[in-house]
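Undergrad: What follows is a structure written as structure tokens; I'll ask about it next.
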Amino acid sequence: MTTGSGTAPAPPEAAPPAGDRPAAARRGTYRRLSVEARRAELIAAALDLFAHRAPEDVSLDDVASTAGASRPLVYRYFPGGKQQLYEAALRSAADELERCFEEPRSGPLSARLRRVLDRYLAFVDGHDAGFSALLQSGSVAETSQTNAIVDEVRRAGAEQILLHLAVKEPSPRLRMMVRTWITAVEAASLVWLDERKELPVEELRDWLVDHFVSLLCSTAACDPQAAAVTRAALAMEPAQGPVGVLVRRMLPVVGEAAHLL
């Protein structure tokens, strides 16, 4: 019998021969785990390594050592080798990233976006090298499958944002605006990592919220659906909240362009 991914489930785990076990296991610390628990442990170990090193720099021996397992045991659960393990770790990371966008749909939109970005940027901060490898092409581990997983995260994030805007059938411009912002969040995160996180993460978060509001308002100028969404969103924003602060900061700049009116 095979699983939904087409890979036969690993057989019930037995302790590997003493010669195959890492030193810690031979000293009596080897733990018998269920199939799912051991698989999850190996994925967690791989994800921890991929978080700080590019996939091509991580070996199965590294994963086995981190998990306190043996190389043959890793192959038992991932007969496809490092590529299969990488895709499983990527799937786990993608699931976590998708959950970052899940947020109760109540209260000011800016406050919801701040909480979403707090979770998203915390993931980026904790998985810096892995996040870069996840989103930047050129890795030897990149395949159509890994690309599909990454794209799924982007689409799921965009769908969640549209739910916060209370839009079931977005216009082309509004849909494009939301997907553009998701891409901008990714790009800004990569630049932030490349520049050694020089900008405090709270400032990056607030700037990305401002970016969303600005994109939404500019889209509202040429799209009736976006205009209705923008009016509803702005009506819920408190004067002392981040959107109010943004408007007050922009007024002096825009005010100097009165000749455009």
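Undergrad: Quick one: length gained pulling VAL247 to GLU203 fully straight, 0.36 nm per residue minus the C-alpha distance?
TA: Residue separation times 0.36 nm, minus the Cα-Cα distance, leaves 14.2 nm.
Undergrad: On to the next question. Stretched out fully, how many nm does the piece from HIS259 to GLN240 gain, at 0.36 nm a residue minus the Cα gap?
TA: Stretched fully, the HIS259-GLN240 segment lengthens by 3.9 nm.
Undergrad: At a 1.4 Å probe radius, which order do ASP194, ASP48, ASP95, ASP210 fall into by accessible area, largest first?
TA: Ranked from most to least accessible, the order is ASP194, ASP48, ASP95, ASP210.
Undergrad: If R0 is 35 Å, what FRET efficiency do you get for GLU36 and ASP118 from their C-beta distance, rounded to 0.05?
TA: Efficiency, from the Cβ-Cβ distance: 0.70.
Undergrad: Let me ask something additional. Using only Cα atoms, locate the centre of region 87-101 and the centre of region 37-62, then give the distance between them in Å, rounded to an integer.
TA: Region 87-101 and region 37-62 have Cα centres separated by 14 Å.
Undergrad: Between rounded, prolate and oblate, where does region 40-191 land on the alpha carbon gyration tensor, with a ≥ b ≥ c its root eigenvalues, rounded for a/c under 1.5, else prolate if a/b exceeds b/c?
TA: It comes out prolate by the Cα gyration axes.
Undergrad: Shifting gears a bit: For region 35-191, what is the accessible area per residue in Å², given a 1.4 Å probe and the full set of protein chains?
TA: Normalised by residue count, the accessible surface of region 35-191 is 44 Å².
Undergrad: Pull out the extension gain between ALA228 and SER59, defined as 0.36 nm times the separation in residues minus the alpha carbon to alpha carbon distance; nm, one decimal.
TA: Stretched fully, the ALA228-SER59 segment lengthens by 55.6 nm.
Undergrad: Further question: In Å, what Kirkwood hydrodynamic radius results for region 189-261 from the alpha-carbon pair distances? Before the final figure, lay out each step's value.
TA: Details: mean 1/r = 0.0707 Å⁻¹.
This gives a value of 14.1 Å.
Undergrad: Between ALA166 and ALA221, what is the FRET efficiency for a Förster distance of 25 Å, r being their Cβ-Cβ separation, to the nearest 0.05?
TA: 0.80
The values are calculated or read from the model by the stated rules, or taken from the named source; none is laboratory data. All values derive from a computational prediction rather than experimental measurement. All Cβ positions, even for glycine, are placed from backbone atoms using ideal geometry, and neighbour counts span all protein chains on display. All accessible areas refer to the heavy atoms of the entire protein, side chains included, with ligands and DNA or RNA removed. Shrake-Rupley method; radii C 1.70, N 1.55, O 1.52, S 1.80 Å.
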